[in-house]
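The next block holds one structure in the form of structure tokens; read it before the comments.
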Amino acid sequence: MPIELSLTATSYLPGQLLTDSKEKIVLAGRSNVGKSTLLNALSGKKLAKTSSQPGKTQSVNYYLVEGQNWYLVDLPGYGYAKASHALRNQWSGLLEAFFRDVSGLVAVCVLLDARLPPQDKDLQMINYVQERDFALLGILTKADKCTQRELQARIAVWEGILPQPPLVTSAKSKKGLGTLISTLNARVEAARANKPGL
Ligand SMILES: Nc1nc2c(ncn2[C@@H]2O[C@H](COP(=O)(O)OP(=O)(O)O)[C@@H](O)[C@H]2O)c(=O)[nH]1
Ligand SMILES: [Mg+2]
């Protein structure tokens, strides 16, 4: 079930972002939402540094999905309250450049902490993605930390906000990881099938 991910490029500055047109699916989310842990769980390997201290990933990381030939792109976490202004500006500059210049973007996954009600930063990111007409996929993380009842209530709230119900995942229990992988591959396949002239 795991997918093989190879870190192909790490970009700290806009000029280092990849410009090729290979399909890309982005993982975005607030610091500490569980992005690095999810990447590691998807690959069954320790690829990305995880931390209980948020605000560590400051680069755009491109992971090639081996065998499928597309990139899973790990964006810097947003909304780390303790980051300096200079650092926050550097991050948002990198994100702006990424979304302005990206080629082959198939979908943006916004990771959402299943324990929390919608946070301002989540809603801002969702708006940002929708304003630009990028395909959006909500992914609840840390589902193992919620009771079934809490989870159902959280899903219902997100169903009122997102264009489609969120996928529910836990890196700890592995819940939803197989569905997530097949959903992402299917999105890439659909994008390829729709490409005119190929
Ligand atoms: N229980 C549980 N904890 C998780 C899960 N995913 C991440 N965490 C914890 O959440 C914290 C932040 O995770 P990390 O992956 O570093 O977040 P990132 O900042 O979004 O990359 C760490 O302490 C992780 O162990 C999960 O599915 N279940
Ligand atoms: Mg991280």
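The values are calculated or read from the model by the stated rules, or taken from the named source; none is laboratory data. This structure is a prediction, so every number in the text was calculated from the model and none was measured. Note: ideal-geometry Cβ built from the backbone for every residue, glycine included; neighbour counts use all protein chains shown. Keep in mind that these areas ignore ligands, DNA and RNA; they rest on the heavy atoms of the full protein, side chains included. Shrake-Rupley method; radii C 1.70, N 1.55, O 1.52, S 1.80 Å.
Among Leu39, Leu123, Leu75, which one shows the biggest mean-square fluctuation in a GNM of the chain, springs joining Cα atoms closer than 10 Å?
The residue that fluctuates most here is Leu123.
In whole Å, what are the Cα extents of the stretch 116-155 along the three principal axes, biggest one first?
Over the stretch 116-155, Cα extents along the principal axes are 35, 19, 15 Å.
Counting helices only, and only those DSSP H runs with n ≥ 4, report the 222 nm mean residue ellipticity of the chain as the sum of -39,500 (n - 2.57) divided by its residues, in deg cm²/dmol to the nearest 500. Can you show the working numbers first?
Numbers: 5 runs with 68 residues, N = 198.
It comes out at -11000 deg cm²/dmol, rounded to the nearest 500.
Just to confirm my numbers, what's the Cα centroid distance between the stretch 130-198 and the stretch 3-17 in Å?
23
Determine the percent antiparallel among the DSSP beta bridges restricted to the chain, to the nearest 5. Intermediate results must be reported in sequence, preceding the final value.
Values: 11 of 30 bridges.
For the chain, the DSSP antiparallel bridge percentage is about 35.
In debye, nearest 20, what is the charge dipole magnitude of the chain about its Cα centre with +1 on Lys and Arg Cβ and -1 on Asp and Glu Cβ, if you could check?
620
Go through Arg192, Arg100 and list them by solvent-accessible area, largest first, probe radius 1.4 Å.
Values: Arg192 70, Arg100 165 Å².
Ranked list, largest accessible area first: Arg100, Arg192.
Extension gain Gln68-Gln130, at 0.36 nm per residue separation less the Cα-Cα distance, in nm?
Numbers: separation 62, 0.36 × 62 = 22.32 nm, distance 2.65 nm.
Additional length available on full extension: 19.7 nm.
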